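Single-structure report; data block below.
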Amino acid sequence: MKIINDKDNQYFSNNWNYCIGTGRLGLALQKEYWDHLKLVQEKISFQFIRGHGLLHDDIGIYRELNLPDGSTKPFYNFTYINRIFDSYLQLGLRPFIEFGFMPQALASGDQTIFAWEGNVTPPNDYDKWYNLIHAVVSHFIDRYGLEEVKKWPFEVWNEPNLVNFWKDANKEEYFKLYKITASAVKDVCPDLKVGGPAICGGSDEWITDFLTFCKNENVPVDFVSRHAYTSAKPHKVTPEYYYQELFDCDHMLDELKEVRELIHSSPFPHLPFHITEYNTSYSPINPVHDTPLNAAYLARVLSEAGDYVDSFSYWTFSDVFEEADVPKAQFHGGFGLVALNGIPKPTYHLFSFFNKLGEIILHRDTECIVTKRGDDSITIVVWNVVMKKGHDFNKDMSIDLPFPYKEAFIKRQTIDENHANPWKVWKQMGRPRFPKQNEIETLIEVAKPQIRTERKLVIDGRLPLTITLTKNEVSFIEISRVKDETETYIELDDSLIPSYSKEWSS
């Protein structure tokens, strides 16, 4: 029994919806991309958006023009990025800038990553790179205003500790890139925020070395960024799928605590700490992303990670995503909160549930968070993570709550293996790669949470709840005051309706 009292409570951080990830920015030129982002913003309302490819050739910012005398001249083209950023801001999203990858005309080599071929080599001319960064940042200020752009974080590169993302994972070369990039940003305006090193897990010594380098070289740094995933090495890889086991649910939280301590022990102990990517698997073709397990597993992360980081950005909002080429099926293990054809996945609902929580934490543990709103209503998210195979893994939970009214209306929304699980229904359909319109409509219909309601008496200011959670269930429970107006109706008598009686029943 969880006995909860209404005293000495803390505010619940909204760091969980500070930022959301996106596939490369060039995908924002597709209609379905915007359909998904509008859906996400309506129900969840993130504040920032981060993605790769700002300087990739499909955005076309950097070009070199051939002059009559045979020389070349840089030309900065902002046609597409203006269109994209204008649209983000209209949806209430600010860019969390990631500088990358290398424009082909500036690249020192031909090494690329992903199906869309992001170049991961250093610039062939650091002066031209400096001028590019200076021009891009200056343009943003000219278009959106200094006060707006001062709110945007500027992150240098992506996962340079991996040879796939930065040629040879050369730490010294990355530090050089960072120093010149940060100088270009600060030369435009010293109040702009720049940071890094945007590494993935497993190389946290980079953070210590990076901050030491910034101190020793007097290089500006305004925040630390890192990524966090909780999957082991793959145990099977096929042309279409990537299978991995997941670490225990506290794995990511332990990592965040450890990195926060590294920052505290550094020459810059009070720097903000941003997780600019996180999820279960780091692969865009791992089926776990499509399942209720993904939602139940991440519930504790949304509940607690804000205690250790200033923001954490789910990777990503949509399955409109092409790192492993154009998606080959309706459900293909994509990162997105929203699947192709606008079908919400279970993890989408996890985020929407957290968006409805109150401001004050009454209770929090490894399987639930209980909050209170300003109107005295109580909101709860509960979850039951089951990583074992099988069917019967129900969990019973009892919660005893303070509630200052005589009666309570209780609304419970549920996602689990049998509710808001379009992946399961898609399998029942025979896994159509490219579903027909009627199949899409069915998948959208079944993607909605189950809703249950009841009315209960409050005894001596206490409201006891008994909850049974099914396998990989996440439920959002909302408890509000009943203000009964039945007596205001003239001669209302439900017993006169066939099959009904006067009394309401719980």
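General observations
- Amide H contacts of Phe48 (H built 1.01 Å from N, under 5 Å, at least 5 apart or other chain): Cys19, Ile20, Arg94
- Rounded to whole numbers, the Karplus 3J(HN,Hα) couplings from phi for the stretch 466-482 are 10, 10, 10, 9, 8, 4, 6, 7, 10, 10, 10, 10, 10, 10, 10, 5, 8 Hz, using 6.51 cos²θ - 1.76 cosθ + 1.60 with θ = phi - 60°, and x at Gly and Pro.
- Euclidean distance between Cα centres, the stretch 102-179 to the stretch 9-54, Å: 22
- Here the alpha carbons of the stretch 5-127 define both size measures, Rg and Dmax, at 18.9, 79 Å.
- Eligible lysines near Lys233 by straight Cα distance, threshold 20 Å, same-chain separation 8 or greater: Lys388, Lys389
- Amide hydrogen proximity for Glu322: with H placed 1.01 Å from N in the peptide plane, the residues at 5 or more positions away or on another chain lying under 5 Å are Arg24.
- The stretch 1-80: trypsin sites (Lys or Arg not before Pro) in DSSP coil with no more than 11 other Cβ atoms inside 10 Å: Lys7
- When the pairs Lys328/Lys436; Lys372/Lys456; Lys448/Lys471; Lys193/Lys356; Lys372/Lys483; Lys186/Lys215 are compared against a 22 Å limit on Cα-Cα distance, Lys193/Lys356 fall above it.
- Qualifying GluC sites (Glu not before Pro) in the stretch 94-165, DSSP loop, other Cβ atoms within 10 Å at most 16: Glu117
- Folded to 0 to 90 degrees: helix 292-304 orientation relative to the chain principal axis, Cα: 80
- Whichever aspartates and glutamates have a C-alpha closer than 14 Å to that of Lys2, once near sequence neighbours (fewer than 8 apart) are set aside: Asp365, Glu367, Asp396, Asp400
- Long-range Cα-Cα pairs in the stretch 57-100 (distance over 13 Å), rounded percent: 65
- Comparing Cα centroids, the stretch 304-379 and the stretch 399-435 end up 14 angstrom apart.
- Value in Å of the Kirkwood radius, where the stretch 235-377 supplies the Cα pairs that are averaged: 16.7
- CD proxy at 222 nm, helix term only [per DSSP H run n ≥ 4: -39500 (n - 2.57); per residue of the chain; nearest 500]: -8000 deg cm²/dmol
- Contact order normalised by residue count of the stretch 113-195, Cα under 8 Å, 6+ apart, percent: 39
- Debye intensity ratio in log₁₀ form over the Cα atoms of the stretch 360-488, taken at each q of 0.10 Å⁻¹: -0.43
- Per-q log10 I(q)/I(0), the stretch 134-259, q = 0.09, 0.11, 0.13, 0.18 Å⁻¹ (Debye; single scatterer per alpha-carbon; no solvent): -0.34, -0.49, -0.65, -1.00
- Whole-Å semi-axes of the ellipsoid equivalent to the stretch 1-43 (Cα gyration tensor, √5λ, descending): 38, 12, 8
- Solvent-accessible surface of the chain, averaged per residue with a 1.4 angstrom probe and all protein chains in place: 44 square angstrom.
- Hydrodynamic estimate: the Kirkwood radius of the stretch 464-506 over Cα pairs, inserted into Stokes-Einstein at 4 °C and 1.567 mPa s, corresponds to D of 90 µm²/s.
- Expected-Rg normalisation [2.2 N^0.38 Å, Cα atoms] applied to the chain: 1.08
- 11 Å beta-carbon shell around Ala115, net charge (K/R +1, D/E -1): -3
- Once backbone amide H atoms are built at 1.01 Å from N, Asp400 has Lys2, Ile3, Ile4, Leu465 as its partners under 5 Å, excluding neighbours fewer than 5 places away on the same chain.
- Of the trypsin sites (Lys or Arg not before Pro) in the stretch 323-407, those whose Cβ has at most 10 other Cβ within 10 Å and which sit in DSSP loop: Lys388, Lys389
- Considering only alpha-carbon pairs that sit under 8 angstrom and 6 or more positions apart, the relative contact order computed for the chain is 15 percent.
- DSSP beta bridges in the chain [antiparallel fraction, %, rounded to 5]: 65
- For the stretch 318-378, averaging the sequence separation of C-alpha pairs within contact (under 8 Å, six or more residues apart) and dividing by the residue count gives a relative contact order of 20 percent.
The values are calculated or read from the model by the stated rules, or taken from the named source; none is laboratory data. Nothing here was measured: the structure is a model prediction, and the numbers come from that model. Positions of Cβ are backbone-derived with ideal geometry, glycine not excepted, and every protein chain shown enters the neighbour counts. Quick note on the areas: whole protein, heavy atoms, side chains included, nothing else; ligands and nucleic acids left out. Shrake-Rupley method; radii C 1.70, N 1.55, O 1.52, S 1.80 Å.
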